[in-house]
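Here's the structure, in structure tokens; my notes come after.
Quick note: the coordinates plus some simple rules give every number you see, no bench work behind them. Since the model is a prediction, treat every value here as computed from it, not as a measurement. Cβ placement follows ideal geometry from the backbone for every residue including glycine, while neighbour counts extend to all protein chains displayed.
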Amino acid sequence: MLLQIKLMGNALYISLLILMPVHVFSVSATGAEPDKPRTQAESKEPASGGQQIETLQDLIREIERNEKFYADQRLKLTRVYEKFPKAADPDQQIRKQWDYSLTLQGQKFRLEEKSKGRLKVGYIGAVKVPKNGPKSRYSESESIQVFDGTTFRSLRKLLIETPENAEQTHSQRQGQVSDEYPSLTNLARPHMYLLSSGAPKVPLSTYMKGAPAVLAYPNPSYVAPGSKIETQLLADREFQGHKCKRVLIDVILSNGTRHNGWELWLAVDRNLLPVRNLSYTYRWSTEMPIAESTVDEWREVQPGVWIPVRFHTDRYDSFVIKREGKQQLSWREKFHVTSISLDLQQLSETVFSNLDFPAGTRVYIKEEGTVTERKEEKADP
């Protein structure tokens, strides 16, 4: 869920984008093993037929082996969110676009993001909703994140409509420097493309292994105490002409309640990448998915190495599912990989560290758990 918070008079309002149901994470993969250090001797041949995949442990090992093909990459990707039904006034349509540019080399990365569009405004807290408060708001943003393996630096610029006058805007700028390992979007992990919203920011193989593996992964995301995830291997099926290994990953709350689940269809001839994901939130329905993600187009970027270049998620109205037992489209996200390269020859190390803070930027510095603040009077050298 993306929130943009602003105080207007006595009312607090936020621009709100709910991407997926809120999930709480801890993981316990049935029969799975915890993470082990990788060795140079491990095979890097693409998945071929899946004849040797008989158990969940076999599947996890094969996924982990195929994930290594994408450890180094240059990626450009566009994501478009749109609400349904569409607004009568096109200028008020809830729609936003994000453009990502990623350079990834092992743990090091540089991620640049630009966004623009209109999101719904939601009001929170025990405050009175303004009678004439805005129902949606347009904003633009730019951000850069760099991590050189030791230090994380980020800069975010936000341009947003003022509450009083939609024709006026104000800007915000904020920086961060931290010695903590950063959390990286799942759009950097092709095996997590169809789980990019709502899942912990870890490799799929790690997610399937269990709570110890997820918690051991640097900065994966929030993990609810006492909850777990059970992963089970389902019967093979075919989808869009691809033989698929299927798994069900269920989130179990600390009181034993099944909260939500992912049914992943992993294409054997596409590096075991998910070609389909059925997402369930069990309080709405145990039988009908609340969202479905599907790959629409593939590209072979190296011999035997594939990438989904177009995919989308359809999210359905929860209340309609609960009350009427049918799926009614609530929003859709479309993704398009416009370019990708897995060859990073002649890459300068400054790519992962070069980030200047403009004068006037408020920079938060986190070192050994302590946060301090400074205001940049001039750009860093």
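Under 19 Å from a label point set 7 Å out along the Cα-to-Cβ vector of Glu82, the amide N atoms of the range 137-155 belong to 137-139.
Taking amide H as placed 1.01 Å from N in the peptide plane, the amide H of Ser330 sits under 5 Å from that of Arg315, Tyr316, Asp317, each at least 5 places away or on another chain.
Of all aspartates and glutamates in the structure, the ones whose alpha carbon falls short of 20 Å from that of Lys135, not counting any fewer than 8 places away in one chain, are Glu82, Asp89, Asp91, Glu161, Glu164, Glu167, Asp317. Within the shell defined by Cβ-Cβ distances under 11 Å, the residues around Ile144 carry a net charge of +1, with Lys and Arg each +1 and Asp and Glu each -1.
Each 5 Å bin from 0 upward holds the following percent of the Cα-Cα pairs of the range 252-381: 2, 8, 11, 11, 10, 9, 10, 13, 13, 9, 3, 1, 0. Per-residue 3J(HN,Hα) values for the range 197-205, derived from phi via the Karplus relation 6.51 cos²θ - 1.76 cosθ + 1.60 with θ = phi - 60°, read 10, x, 9, x, 8, 9, x, 4, 4 Hz in sequence order (x marks Gly and Pro).
Among Val295, Val363, Val371, the order by Cβ neighbours within 10 angstrom, fewest to most, reads Val371, Val363, Val295.
Express the C-alpha Rg of the range 184-254 as a ratio against the empirical globular expectation 2.2 N^0.38 Å, rounded to two decimals.
Taking N as the residue count of the range 184-254, the ratio is 1.19.
Fewest neighbouring Cβ atoms within 10 Å first, the residues Leu234, Leu342 line up as Leu234, Leu342. 3J(HN,Hα) couplings calculated from phi for the range 55-63 with the Karplus curve 6.51 cos²θ - 1.76 cosθ + 1.60 (θ = phi - 60°) are, in sequence order, 10, 4, 4, 4, 5, 4, 4, 5, 4 Hz; Gly and Pro show x.
Please give me the summed charge of the neighbours of Gln327: other residues whose Cβ is under 11 Å from its Cβ, Lys and Arg +1, Asp and Glu -1.
-2
For GluC sites (Glu not before Pro), the sites in the range 319-381 that DSSP calls loop and that have at most 13 other Cβ atoms within 10 Å are Glu368, Glu377.
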